[in-house]
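Structure first, commentary second.
Where a number appears in this text, it was derived from the coordinates with a stated rule and is not lab data. Quick caveat: nothing in here was measured; it's all calculated off a predicted structure. Cβ placement follows ideal geometry from the backbone for every residue including glycine, while neighbour counts extend to all protein chains displayed.
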Amino acid sequence: METPRINDLSICVATENGSGSASANNILFKAIFKMGIPCSSKNMFPSNIQGLPTWYQIRASAEGYFGRKDVIDAMVMFNDTTAAKDIYRIRDGGLILYDDSTPLPPNLKREGVQYLGVPANKIVQKLVPASPLRGKQRNMVYVGALAYLFGIDMETIRAVLEDTFGKKPVVIESNLLCIDAGYRHMEENGVTQNIARLQAIPNGNKGKIITEGNTAGALGAIYGGATLVSWYPITPSSSLAENLEHYLPRLRKSNGKATYAIIQAEDEIAAAGMVVGAGWAGARSMTCTSGPGLSLMNETIGLAHFAEIPSVFFIIQRGGPSTGLPTRTQQADIQLMYYCSHGDTRHIILIPHDMKSCFDFARRSFDVAERFQTPVFVMMDLDLGMNLWSSEPFRLEKEPFDRGKLVTAEMLEQWEKEGKKFRRYFDADGDGIPYRTIPGNPHRHAAYFTRGSGHDADALYSEDENDYKETLDRLRRKFETARSYVPKPIIEMNEGVKTGVICFGSSYEPTREARDRLRAVGLKTNHLLLRALPLTEEVKEFLEAHKTIYLVEQNRDAQMAAVVKEEWPELGAKIISVLIYDGLPVTAGEIVKQIFNGAQATTAEVVRQARLRG
Amino acid sequence: MGRRRLQQKSSGKPDYEDKGVAEKKVNRINLTEKDYEGTPSTLCRGCGHDAITASVIRAFFDSSVDPRKVVKLSGIGCSSKTPAYFLGQAFGFNAVHGRMSALATGANGVNRTLIPIGVSGDGDTAAIGLGNFCHMMRRNVNITYIVENNGVYGLTKGQFSATADKGSRMKGGKLNDMPAIDLAELAITFGATYVARSFSGDRKQLAPLIQGALAHKGSAILDVLSPCVTFNNHEGSTKSLKYIRENLDPIQDLDFIPYYENIEVDYKEGTDQEVTLHDGSRIVLHKLRSDYDPSNKMQALAAIHAAVAEGKFLTGLIYYDPSRPDFAEQMNLCETPLAELGQDLLQPPAELLDEINAELMK
Ligand SMILES: Cc1ncc(C[n+]2csc(CCOP(=O)(O)OP(=O)(O)O)c2C)c(N)n1
Ligand code: SF4
Ligand SMILES: [Mg+2]
């Protein structure tokens, strides 16, 4: 018999999508959150609307780890089509909750796990009148059963229902009926388990919010002054645009009129075109998409790079290609962003790793775009964008927008008095960044003609080889200037430690956990959280300071490592890549395993322990 | 009733450099026609596109448009180079092949006080950019959109374009056996609200049509036949200068009267029709076909079809619908152009963020 662990549990709910389980899972997750227990959830869903398998994994972690847990303690086996596999997803000694309205088929029996039944079908047949709703309410039964088994009280459940369906008492009551029936069934039959208990932590999550990166990004963009949004639906980026559609009317009205334009474009080529047109005309403009959309935007982004037009591109990465795994997470478009488009191009990429940085970087992306007069990427992924994360609330840093070297008519007037001329593509300050006017500027010297790279410093048409080379060299200088402007990495150094770990984006959370586990078995590491490209000086120093560096990324080809190696080939040679690319949110165990493999320092048993801990 | 050019000196003289050519004709804002020119053309001598540029210059001059309020947009092609050759004092953007529609939609969305003029080619519009073009019209984005239609890709040296007529031959003899996309028909179908066709060599018709397009709020599409003298001007081509000239089929002669001119017109009963444009300007149509009514969509489409069947080019103001609001209007935008809003209006107060935080705590 195990002794139940307190507030350390992972539950996986296996259902079909479109069966109404999303609502049930949400209630379960929010109930645990409401109890004050640190928790996270990962939705592993198919690219389909109804009838395909979906898994929702909830983790409660007293230690506050939010990455996907390696092991599953309890499985809600509510999908017959995947059940035969699902029973092997859980750990030895784990628990399977199934619908025992009908007997368990022999092929679904497995040794070493505990089966608990709840007659969900029978319960809803009794409680819910025959209607399409009945099937959905079946999922509420497992919520009740789990609540009883792990110690979520019905008061908490009711409170969550009220938060969720506040204005619909009928919905609250009908859900509650089924949840309560599941709860009481377990109670009356004296069903117990010894895996884990959930115990409320008073004020544990006080002041915390639950949100997704796509909400955070949308809000950040709005607070950053996003003015024109053009987008084309694609998972997992659509919900960012939909959040903008949701919040913009509420946040950005002046006398009942919109201070923004949001346009659902006919394709990503048009979306990029509109964004660049608006950026050229002087507004903060953005789009959001994922890999396939970014492919279509390539040409326009290249033009914006050479014509030096501020524009922001949120890329929520997923498994490629177009008919790939659109609902799975990846960091495999790093190079597609970094080198986006033809010609010698390099782009600025901001890389948030949690909800707060999704908000902050989204807000700041417009400053960066205007400062450098260039397309800027905000690199996210499905795990960050679409999964629920608990977080400190968003906070608005009160700072003025950085409009960069934007020249007004008054400034031109002044310049003229000083005998200074406006030259659109002239590097007056030596930082590679020229001065910019926008259409509508009435000064007689404001206007210029925009074209790709075939121009001289005065924006006049030129195919002169020296002009062209100067344009390319200046753009490179500009990129170098960006190194000291983009967000710096966050670094953790420990005395005498010679092993470094670098990660970025959604790998941060599992990497943090992995490092704790490694420390617990004696392998101390330093850490660098990469938050932007171009690579900054601090990254170089970190590489120099360590003997071995593990670089964690979610793709097969070590794309970020390649960027580092391109920059500093010799230092790059120290990198051992930790590559995770199965499309699922990263687990700490996988990182631990690969780091140990790299270190080849210990026995398989230690690896196993470190993987399974926590 | 030819073109009128007012010579009055208006007040509100813009602060352009002194031209020192007092005897030159100036328009209402004190500019000469020369002030509407751009850098010298680099196109082939005799190219139809240059003639269109001259009409564009004439139209802007005649309408006394302040160049500093104009934005010029284009895609890629010989035609798309032309915005550099007119209105040197206006902002211009020579963008990506076929994507002018999208860029214009973005630019117009954030500053609808600017007057957008776009120049594109038949390759740019009818092939690579066709989808975006259709959607721009579907939205009724405010723009004067000129397609300089020569039936070939000029800049890439003479391949057929999607507006090459069935039965037309390439310079090397190759026969085009695909039906042509008729841009006027397409424009009407997809929701453009001002649709005209003209010929580069007919400034008398083209310039007022451009003036009308500038006065119209919405997608104004001008399909302008414009011979490519280098790659598509031979015997056997249906877009040669000679062939076009011989097969023009104008539906009206027209005059443009700007909103600021208070001119009474003597109408000929039955054959003259006045069309009032959004800014109060008027186009007077002297009908060459007494029964043609440009507000009748089905008639317009039927007339285009009939002309195509006869191998003719229907020209004039083919279709006009003043009733549809333009895209910027549909979006319920605030008065100030979005591009000119400051942080005070662009950044919501922090209290609203706190409100949202509180909602996300549940
Ligand atoms: C994406 C892309 N594909 C191909 C080209 C090459 N290209 C340049 S102009 C042009 C055709 C232009 O034809 P049209 O629009 O009819 O203009 P014209 O030169 O005839 O005036 C092509 C195919 C390009 N610039 N970009
Ligand atoms: S190639 Fe044809 S379209 Fe291009 S400039 Fe010469 S004549 Fe004009
Ligand atoms: Mg052409």
Phi-based couplings in Hz for the stretch A:248-265 (Karplus 6.51, -1.76, 1.60; Gly and Pro marked x): 4, x, 7, 9, 10, 10, 10, 6, x, 10, 6, 9, 8, 10, 10, 10, 7, 7
Cα-Cα pairs of the stretch A:409-482 separated by more than 13 Å (percent): 67 percent
Cα pair distances exceeding 23 angstrom across the stretch A:273-431, given as percent: 44 percent
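For the stretch B:129-208, what is one quarter of the convex hull surface built on the Cα atoms, given in nm²?
6.3 nm²
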Chain A - Rg and Dmax from Cα coordinates, angstrom: 26.8, 91
The stretch A:459-480 residues near the modelled A:Asp429 label - backbone nitrogen below 14 Å, point 7 Å along Cα→Cβ: A:478-480
Net lengthening on full extension, B:Asp291/B:Gln159 (0.36 nm per residue, minus Cα-Cα): 43.6 nm
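Counting only helical runs of four or more DSSP H residues, what would the 222 nm mean residue ellipticity of the protein assembly as shown come to if each run contributes -39,500 (n - 2.57) and the total is spread over all its residues?
-10500 deg cm²/dmol
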Cα centroid of the stretch B:302-362 to Cα centroid of the stretch A:4-45, whole Å: 42 Å
Within 10 Å of each Cβ in B:109-118, the average number of Cβ atoms from other chains: 5
Fully extended contour minus Cα-Cα distance, from A:Glu397 to A:Ser254, at 0.36 nm per residue: 49.3 nm
P(r) weight above 21 Å for the stretch B:183-267, C-alpha pairs, percent: 41 percent
Unit Cα scatterers, Debye sum, the stretch B:21-361: log10 I(q)/I(0) for q = 0.12, 0.13 Å⁻¹: -0.82, -0.95
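Obtain the radius of gyration and the Kirkwood radius of the stretch A:5-206 from its C-alpha atoms and give Rg over Rh.
That ratio is 0.93, to two decimals.
When N counts the residues of the stretch A:490-613, how does its alpha-carbon radius of gyration compare numerically with 2.2 N^0.38 Å, as a ratio? Could you put the intermediate results ahead of the total?
Values: Rg = 13.5 Å, N = 124, 2.2 N^0.38 = 13.7 Å.
Computed over Cα atoms of the stretch A:490-613, the ratio equals 0.98.
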